[in-house]
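Please treat every number below as a calculation from the coordinates, not as lab data. Only a predicted model underlies this, so the values are computations on that prediction, with no experimental measurement involved. Methodologically, a virtual Cβ is constructed for each residue, glycine included, from the backbone with ideal geometry; neighbour enumeration extends over all protein chains shown.
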Amino acid sequence: MTRTAGARDGEDAGGPEVARLDKWLWFARVVKTRTLAATLVTDGKVRINRVKITKPSQSVRIGDVLTVTVGPRVRLLKVSAFGQRRGPPSEAQMLFADLSPPPEPQSSSPTAPAVERAPGSGRPTKRERRELERFKGR
């Protein structure tokens, strides 16, 4: 690899070959802050090509598939580019291909009976409140 003026290790004149995992997650807008990205990695919620990663400084390359657990959702992201900065969401979407299935629509449980009230019938009774709480799963 030929070094050019101003090029650092891991970069050539065309751009970086690798990037830090926590920076990439932040640039790709998977999380709001770089600290949250580092915490996500150290908590073991990120995998690169099915290998669990615990170091935020782990290198990520183009073509790697990341499995990221953010909240209740698991996302599969294929790295397609590196960013120079944390830009707008439209720019961040160009850094990866989202391979994860679409989220399932949330629906209430079909076995619980729906509690219906007539319009204008006033406040619910204690029994109706308990049925509503049971229906909502609280």
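Worth pointing out:
- By definition, a body whose alpha carbon gyration tensor gives a ≥ b ≥ c is rounded when a/c is under 1.5, and the range 13-98 falls into this rounded group.
- Relative contact order (%) - criterion: Cα under 8 Å, at least six apart; region: the range 13-98: 28 percent
- Within the shell of other residues whose beta carbon sits under 10 angstrom from the beta carbon of N49, the net charge comes to +2, with Lys and Arg scored +1 and Asp and Glu -1.
- Dipole magnitude of the range 30-74, debye to nearest 20 (Cβ charges: Lys/Arg +1, Asp/Glu -1, about Cα centre): 20 debye
- Alpha-carbon centroid distance for the pair the range 24-44 / the range 60-101, whole angstrom: 11 Å
- Dipole magnitude for the range 13-98: about 200 debye, using +1 per Lys or Arg Cβ and -1 per Asp or Glu Cβ, origin at the Cα centre.
- Listed pairs K45/K78; K55/K136; K32/K136; K55/K78 exceeding 28 Å between Cα atoms: K55/K136; K32/K136
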